[in-house]
1. What does the net charge come to around B:Tyr264 if you take all other residues with beta carbon closer than 13 Å to its beta carbon, with K and R at +1 and D and E at -1?
2. Ranked from highest to lowest mean number of other Cβ atoms within 10 Å per residue, what is the order of the peptides A:171-179, A:123-131, B:279-287, B:143-151?
3. What translational diffusion coefficient, in µm²/s and rounded to a whole number, does the Stokes-Einstein relation yield for region B:343-470 at 37 °C and a viscosity of 0.692 mPa s, taking the hydrodynamic radius as the Kirkwood radius over Cα pairs?
4. Compute the signed sum of charges (Lys and Arg +1, Asp and Glu -1) over the other residues within less than 13 Å, Cβ to Cβ, of A:Tyr35.
5. My understanding is that a pair violates if its Cα-Cα distance is over 28 Å; which of B:Lys221/B:Lys307; A:Lys116/A:Lys268; B:Lys416/B:Lys482; A:Lys32/A:Lys77 do that in this structure?
6. What whole-number volume per residue, in cubic angstrom, does the convex hull of the C-alpha atoms of the protein assembly as shown give?
7. How high is the relative contact order of chain A, in percent, counting Cα pairs under 8 Å that sit 6 or more residues apart?
8. Which whole-number percent gives the relative contact order of region B:395-541, counting Cα pairs below 8 Å spaced six or more residues apart?
Amino acid sequence: TENEQPWGTPCTQLLVFVATPGCDGFPSLDSKENYKLSVSEGSLLLSADAVWGALRGLETFSQLVGRDENGTYYINKTEIVDFPRFPHRGLLLDTSRHYLPLRAILETLDVMAYNKFNVFHWHIVDDPSFPYESFTFPELSKQGAFHAMTHVYTASDVRTVIEYARLRGIRVVAEFDTPGHTLSWGPGAPGLLTPCYLGKVPSGAYGPINPILNSTYQFVNSLFEEVSTVFPDFFLHLGGDEVDFTCWKSNPKISAFMKEMGFGEDYKKLESFYMQRLLDIVSSLGKGYIVWQEVFDNGVKVRPDTIIHVWKENSIPYMEEMANVTKAGYCALLSAPWYLNRISYGQDWMAAYQVEPLKFEGVPEQKDRVIGGEACMWGEYVDVTNLTPRLW
Amino acid sequence: CGTGRAMGLAGVLGGLFFVPAVLVSTSLCRGAPWVEPEPELAEWEVASDAVPEDSLWPLPQWLRTSGRQLQLVPGRFQLVAGAGSSAGPDCDLLQDAFRRYYEYMFGPYRRRTRGLWPLGAPAGPELLQLQVVIESRDPGCHSYPHLRSSEAYHLTVTEPLAILKADEVWGALRGLETFSQLVHEDDYGSFLINESEIHDFPRFAHRGILLDTSRHYLPLKSILTNLDAMAFNKFNVLHWHIVDDQSFPYQSLCFPELSDKGAYSYNHVYTPADVRLVIEYARLRGIRVIPEFDTPGHTQSWGKGQKDLLTPCYNGEQPTGSFGPVNPILNTTYDFMTKFFKEVSSVFPDAYIHLGGDEVNFDCWKSNPEVKEFMKRQGFGVDYAKLESYYIQKILDIVSSYNKGYIVWQEVFDNKAQLKPETVVQVWMANNYAHELSSVTGAGFTAVLAAPWYLDYISYGQDWRKYYSVEPLNFPGSEKQKKLLIGGEACLWGEFVDATNLTPRLWPRASAVGERLWSSRNVTNLQDAYKRLTNHRCRML
């Protein structure tokens, strides 16, 4: 078109104004992510309380920029006031069932930023493999990783992930899941796992972490001491899910211990015994913790600021669990309806979208205790060849 | 590890790990599966527990391996045309295959620092060559594969020469794939192969993959990568569902407006050069390309570039502005189809064209007064299936006149169109497909099975097992009828598929179908399949 000037004065700058400093810090649960975006003739202004809000605003700004048929970049006059409904918006990646190379994790962090996710829940170790290179216990990954040279996360890798995430306003919450889901810990930490018995003799198989030995707690103390320094976030995820009691039941020393402690046949009490000591250790290291719902369900005594992670869909309907958890005074994270590894045909994004996290019976204070949720991509059938299209 | 087929990895580790993924072997995906050297076995012992079979896919019809290992030295080993072969050095198809398989086995040339270090003397028994001998007078080097091509081969691996004999080049291609699956690397990086003898041929002659490039455009690279994967799994038909309602990416020479107006954009077309590339790339892998131009339904995108081709729908007396299936009552329709299919017949060299004929919605035809008038004149009453058959029959005649055979979806048969005896009917409706197979073959028609293999229907977990467990001949019928089932196809419809997720969605799930269609009927053990498939997948990556 010849003399038509459909566009106003060209914009040359987006001014970003941040009220409080914090460029060099790490994001936290309390970080402020609100921002205001004002686009008008000759003026582009993004203002935020904290840098984290600025990041969110930049993403939004980039989404507003369009391109016409002539290739001209443009943006409409806009006013936006934005802030997140929930402060904890997370994504879980599982690097134990299948190792994920660094680039896959970094790429995921990029896409998380596009979608304003702010927590990377790194389910880093589990039964199948132990890729985390520990400097306190180097044998753990040497013996427990799929391949000690190629399928590990070095201290440098971990630092890279944490910094890459920080630059995108994403917290890295590491999960070292115990006492179950720990088979890969066994080879590198002899004596840590419970030997299972067939009658009077060890079968050669192993079960969850052995809760009756002092050495266990020494180990746990040292490992979590390291983990607490490596991962700067206030929270650690301590797991505590799906503890299979069969092996404990088979072990005569454990049976003896149960009797000694007066636990009777209730192995949940033994599980609680372990969890309580673990939680005390982690607290004394100055960290807060998130645990899977079993820890709450099984009556373990946890600190009031514990976050309970609701993941089971059916043992009781998850909304009921959310109500129970928040009624008991704990903060809750919702993942149950968002297990994205459970693929199905068609537009299943709709089912995920239609979940209303606060759809349970409860008083406003309860609802306030729902701090957010996490989409989970468990790794049984996922590796770098299919992670990205399956997740996004 | 690797001490025998009976004891899988899970067994060795004492059943500790509950997770189905095979741990060590899946993770060490460095190109070839890790294999522990076997203790010396007596020569030519039928070693059913020998490790080399742990990564053959699909499993050959007959094989014998021994524990004796031969070394292959990349700097010395050669794939050559053998003496007495009817396919010599001018057989570009084989020469291309030799280069390709050399690279698959040893890695690309630049890794071989030839000349830097002189080749040492052989450390043990060495395999110097694989000689490929084509026995038929007409090897097929410069022709296209077809339904009756011979894909059988016989492979003997002994020191110092391995011999691959096949009737036609197509069998040689299959044999080269198998040979490459036998070569493995040891802990020291040496390439080894066990002395063995294999006799192999496919159970079914038609083993296809359906790709849908209309719901989502697939860039050429995607299609070619897929052809490579097909060759790894001995698939031999690419059923190219090239156009449909959503878009028309096929650039027609006679009717350029079809893609000009019907493709998603000018960047989302297949030019004649693109099409030729796909056909040749496929040919070099022994893969037939059967295009599907689905009519009279599934044709919305055709109407954009071809005025008056589709039926205008009516609301009472008024056209609504929307269109339905191809208009079967106009002469112009058949003039168009005559010209269009003349072009298609010359562009696509395969003896068959897929003409579609599925899911024709009669509502629009029923609404159109001229169509209704036509129905009356023809004496079809209100049976629109008769109109559909009227149309289909005319298309079949048009295509026949170009000396092409045709494949149609099952509705064409179900709705009782008059089909030539050599028509191939593709059975796709999942509900009671065994019964449909009986009907189709009972009526004397050839059938291709797709119904249980709609791989676009994803679900959580190891669904490959479900595809693997299908037994195509499990339908009531005589021996003669069973012979009419010539094979099957794994279909990846494109509603939710594009280049960003095609490969991981299709593979290795389609591999399960590949073995079901190639290997013997009694190869059904899921545990053994799991072990071999895991290794095969790593190799494909």
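1. So the environment of B:Tyr264 carries a net charge of -1.
2. Listed from highest to lowest mean packing, they are A:123-131, A:171-179, B:279-287, B:143-151.
3. Values: Rh = 16.6 Å.
Stokes-Einstein gives a translational diffusion coefficient of 198 µm²/s.
4. On the way: positive: A:Lys32, A:Lys36, A:Arg56, A:Lys116; negative: A:Glu33, A:Asp49, A:Glu59, A:Glu79, A:Asp82.
Charge balance near A:Tyr35 sits at -1.
5. On the way: B:Lys221/B:Lys307 33 Å; A:Lys116/A:Lys268 39 Å; B:Lys416/B:Lys482 21 Å; A:Lys32/A:Lys77 26 Å.
Long pairs (Cα-Cα over 28 Å): B:Lys221/B:Lys307; A:Lys116/A:Lys268.
6. Output value, Cα hull per residue: 239 Å³.
7. Working: 731 pairs, mean separation 53.4, N = 392.
Across chain A, relative contact order equals 14 percent.
8. Values: 167 pairs, mean separation 30.4, N = 147.
In percent, rounded to a whole number, it is 21.
None of the figures in this text is laboratory data; all of them are computed from the coordinates on show. Computed from a predicted structure; not experimentally measured. Every residue, glycine as well, gets a Cβ built from its backbone with ideal geometry; the counts of neighbours run over all protein chains shown.
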